[in-house]
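Student: One structure, pasted below without further comment.
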Amino acid sequence: MEKSGQKFEPVIGLEVHVQLNTKSKIFCMDPVMYGAEPNTLVSPVSLAHPGTLPVLNKEVVNKAIKLGLAMNCNIARRMYFDRKNYFYPDSPKGYQLTQDKTPICKDGGVKLLVGGNEIFISLDKIHMEEDAGKSIHVDGADYSQIDLNRAGTPLLEVVTNPCMSNPEEVAAFLNYLRRLVRYLDISDANMEEGSLRCDANVSIKPVGSEKLGNKVEIKNMNSVRNVQKAIKSEIKRQEKLILSGENIISETRLYDLDKDQTRSMRTKEALNDYRYFPEPDISEVELSEEYIKDIQRQMPVLPEEKEKEFINKYGISESNASIICEDRELVELYESLINEGAEPKSASNWLVGPIKGFINQSDSKVKLKNLNPVFLSSLIEISEAGKVNQHIATKEILPEVILNGNDPVKLAKDKGLLIEKNADELNLWVTEAISNYPDKVKAWKNGKKGLSKFFMGEVMKASKGKADPKQTLTIIEEQLNNL
């Protein structure tokens with residue numbers, strides 16, 4: 001960017017908290033659930049009652065290793081937890097259990113394509129920690145309420161190096177991370193529900209300078225789009241201050257969506273003194289090489305590799321491949337459809353279109369893994385072969401297949417939904433349609449050949465969608481030409 005002859009470049013780093021989808025919390029058996037009644041998912045451990053001891057949830061470690069391997073990190077063989085000491089009402093213990101000195105994952109990074117250019121987002125670390133409770137601020141009241149359901153929920157904090165230079169790169173990384181953790185069944189990564197939370201560290205410096213400017217941490221961003229907007233707003237603010245001769249204060253700022261600007265929350269001290277020290281009640285964790293390799297063997301092919309495979313092997317579109325690879329269950333269903341004989345391109349169109357669309361719109365809790373690939377592939381086959389009308393296939397037969405597990409071929413036969421190819425029957429429907437609209441017949445004779453589609457529509461109404469389209473169109477034009 002350039003103003004008044006001076007050029008600046010932004011420097012951006014992220015701290016992303018990924019809430020894990022484990023059944024229980026990181027150090028106790030309290031269930032993890034979004035939307036429960038306040039303070040119902042708690043226990044003496046998560047409430048920090050005297051004498052209680054934490055026990056590390058093994059599944060949290062496994063999910064951390066998965067993410068670290070997927071992002072090319074070095075996995076620590078020995079690690080421990082630290083107490084991060086601070087006081088806040090939603091932290092019952094007066095400290096947070098985290099990993100300061102020995103994160104489970106170090107270094108690493110990912111290559112991404114942004115605006116046609118390949119970039120590398122390098123990571124500093126990924127570490128395990130527990131979440132705090134939630135302060136609920138009551139409008140008009142001089143007090144806040146505390147919900148401790150979230151206290152002790154397992155988190156992975158993904159910390160990048162300050163290596164991004166614009167909001168588009170930030171968005172690409174967040175979208176990549178969100179897809180990855182969903183695909184690996186690590187988190188549902190729903191930013192609106194708080195299971196993916198992002199803080200951005202933003203500074204600017206003169207182009208070519210090695211010295212970084214004072215960084216500002218931005219919070220309160222609940223979507224990727226808002227992260228982009230907040231960063232753009234903060235870059236403009238910092239640039240304006242520097243050009244007017246003012247200094248950038250190192251502070252934490254909140255993003256105000258309504259005003260599209262950041263506002264000061266608190267000033268950072270030169271060095272945060274959380275008085276970290278090793279947690280004495282949790283033994284040092286040791287990971288063997290074989291343990292890590294065993295987790296690696298269980299990992300699926302990563303989504304970007306699957307995407308390439310589907311494009312190259314089956315010739316499907318990049319957009320379809322990208323959508324399918326957003327969800328591992330979609331990938332597995334797609335491969336099952338192909339194994340059952342569905343034509344790959346048709347199967348991909350059905351999967352990202354009617355099938356996914358119906359499930360997203362359905363009030364029922366339909367699970368992709370519970371769908372019958374045999375019946376779905378049969379439906380795709382009879383639809384693509386022209387044995388049933390496309391509209392009928394998607395609107396009448398598909399819901400029965402998904403919700404009730406009905407055989408589409410039997411259903412089409414029993415309900416009389418199969419395409420009618422009998423020439424005598426088709427001739428009767430066409431004759432009736434033509435005789436009902438003599439004025440349109442005259443217009444067709446005078447050159448408005450597009451009216452053939454109108455007559456086609458009338459035949460489809462009369463036949464309830466059962467008339468074979470190609471055969472019907474041929475008969476329509478034959479009858480009109482013979483008048």
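Student: Divide by every residue of the chain the summed helix terms, -39500 (n - 2.57) for each DSSP H run of at least 4, and state the resulting mean residue ellipticity at 222 nm, rounded to the nearest 500 deg cm²/dmol.
Tutor: After summing the helix terms and dividing by residue count, I get -11000 deg cm²/dmol.
Student: Of the peptides 338-345, 226-233, how do they stack up when ordered by the mean number of other Cβ atoms within 10 Å, highest first? Write down the numbers at each step before the final one.
Tutor: On the way: 338-345: 16.2, 226-233: 20.2.
My ranking of the peptides, most packed first, is 226-233, 338-345.
Student: Under 5 Å between amide H atoms, partner at least 5 residues away or on a different chain: which partners does residue 24 have, H built in plane at 1.01 Å?
Tutor: Result for residue 24 returns 32.
Student: Kindly provide the chymotrypsin sites (Phe, Trp or Tyr not before Pro) of the range 126-227 that DSSP labels as loop, not H, G, I, E or B, and whose Cβ sees at most 10 other Cβ atoms within 10 Å.
Tutor: Sparse-neighbourhood loop chymotrypsin sites (Phe, Trp or Tyr not before Pro): 143.
Student: Can you work out ³J(HN,Hα) from phi for every residue in the range 250-264, in order, using Karplus 6.51 cos²θ - 1.76 cosθ + 1.60 and θ = phi - 60°, giving whole Hz and x for Gly and Pro?
Tutor: Once rounded to whole Hz, the list reads 6, 8, 9, 10, 9, 8, 9, 5, 4, 9, 6, 7, 9, 10, 5.
Student: Would you work out which of 137, 76, 311 lies farthest towards the positive end of the dipole of the chain, given +1 charges on the beta-carbon of Lys and Arg and -1 on that of Asp and Glu, about the Cα centre?
Tutor: Farthest towards the positive end: 311.
Student: Could you order peptides 474-480, 193-199 by the average number of other Cβ atoms within 10 Å of their residues, highest first?
Tutor: The densest-packed peptide leads the list: 193-199, 474-480.
Student: Along the charge dipole of the range 371-472, which of 437, 398, 377 sits closest to the positive end, that is, farthest toward it, with unit charges on the beta carbon of Lys, Arg, Asp and Glu (+1, +1, -1, -1)?
Tutor: 437
Student: Could you tell me how many degrees, from 0 to 90 and to the nearest 10, lie between the Cα long axis of helix 469-482 and the main elongation axis, the longest principal axis, of the Cα atoms of the chain?
Tutor: Once rounded, the angle reads 40 degrees.
Student: If you work out P(r) over Cα pairs in 10 Å bins from 0, in percent from the coordinates, which of [x] 4, 20, 31, 26, 14, 4, 0; [y] 4, 19, 28, 23, 15, 9, 2, 0; [z] 4, 15, 20, 20, 15, 11, 8, 5, 2, 0 do you get?
Tutor: Answer by label: [z].
Student: So if the hydrodynamic radius of the range 300-415 is defined as the Kirkwood radius over C-alpha pairs, what does Stokes-Einstein give as its diffusion coefficient at 20 °C and 1.002 mPa s, in µm² per second?
Tutor: Estimated diffusion coefficient is 150 µm²/s.
Student: I want to check the label-to-label distance for residue 317 and residue 257. Put each point 7 Å from Cα in the C-beta direction and report it in nm to one decimal.
Tutor: 3.0 nm
Student: Taking 60 Å as R0, compute the FRET efficiency from the Cβ-Cβ separation of residue 78 and residue 414 and round it to 0.05. Before the final figure, lay out the partial values.
Tutor: On the way: r = 65 Å, r/R0 = 1.09.
Computed FRET efficiency for residue 78 and residue 414 comes out at 0.40.
Student: Regarding the range 247-347, what is the average projected area of its C-alpha convex hull, in nm²?
Tutor: 14.5 nm²
Student: By the 4.7 Å beta carbon criterion, which cysteine residues of the chain come out unpaired?
Tutor: Among the cysteines of the chain, those whose Cβ sits 4.7 Å or more from every other are 28, 163, 198, 325.
Student: Right, something else. For residue 403 and residue 329, what is the calculated FRET efficiency with R₀ set at 30 Å and r taken between the beta-carbons, to the nearest 0.05?
Tutor: Values: r = 17 Å, r/R0 = 0.58.
Here the calculated transfer efficiency is 0.95.
Student: Oh, and also: Calculate the spin-label point distance for residue 443 paired with residue 52, positioning each point 7 Å from the Cα along the beta-carbon direction, and give it in nanometres.
Tutor: For residue 52 paired with residue 443, the spin-label model returns 7.6 nm.
Student: To the nearest 20 debye, what is the magnitude of the charge dipole of the chain about its Cα centre, counting +1 on the Cβ of each Lys and Arg and -1 on the Cβ of each Asp and Glu?
Tutor: On the way: 65 positive and 72 negative charges, 197 e Å.
That gives a dipole near 940 debye.
Student: Taking the Cα-to-Cβ direction at residue 241 and at residue 292 and moving 7 Å from each Cα, how far apart do the two end points lie in nm?
Tutor: 4.1 nm
Student: Quick one: 3J(HN,Hα) in Hz for the range 350-356, Karplus 6.51/-1.76/1.60 with θ = phi - 60°, rounded, Gly and Pro as x.
Tutor: 5, 5, 7, x, x, 5, 5
Student: Taking Rh as the Kirkwood radius, which is the inverse of the mean 1/r over Cα pairs, what is the Rg/Rh value for the range 423-482? Spell out each step's value before the answer.
Tutor: Numbers: Rg = 10.3 Å, Rh = 11.2 Å.
In the range 423-482, Rg relative to Rh is 0.93.
Student: Tilt of helix 167-183 relative to the longest C-alpha principal axis of the chain, in degrees (0 to 90, nearest 10)?
Tutor: Between the helix axis and the principal axis of the chain, the angle is about 80 degrees.
Since every read-out is calculated from the coordinates, none of them should be taken as a lab result. Everything numeric in this text was worked out from a predicted model, so none of it was measured. Counting neighbours? That spans all protein chains shown, and the Cβs are built from the backbone with ideal geometry, glycine included.
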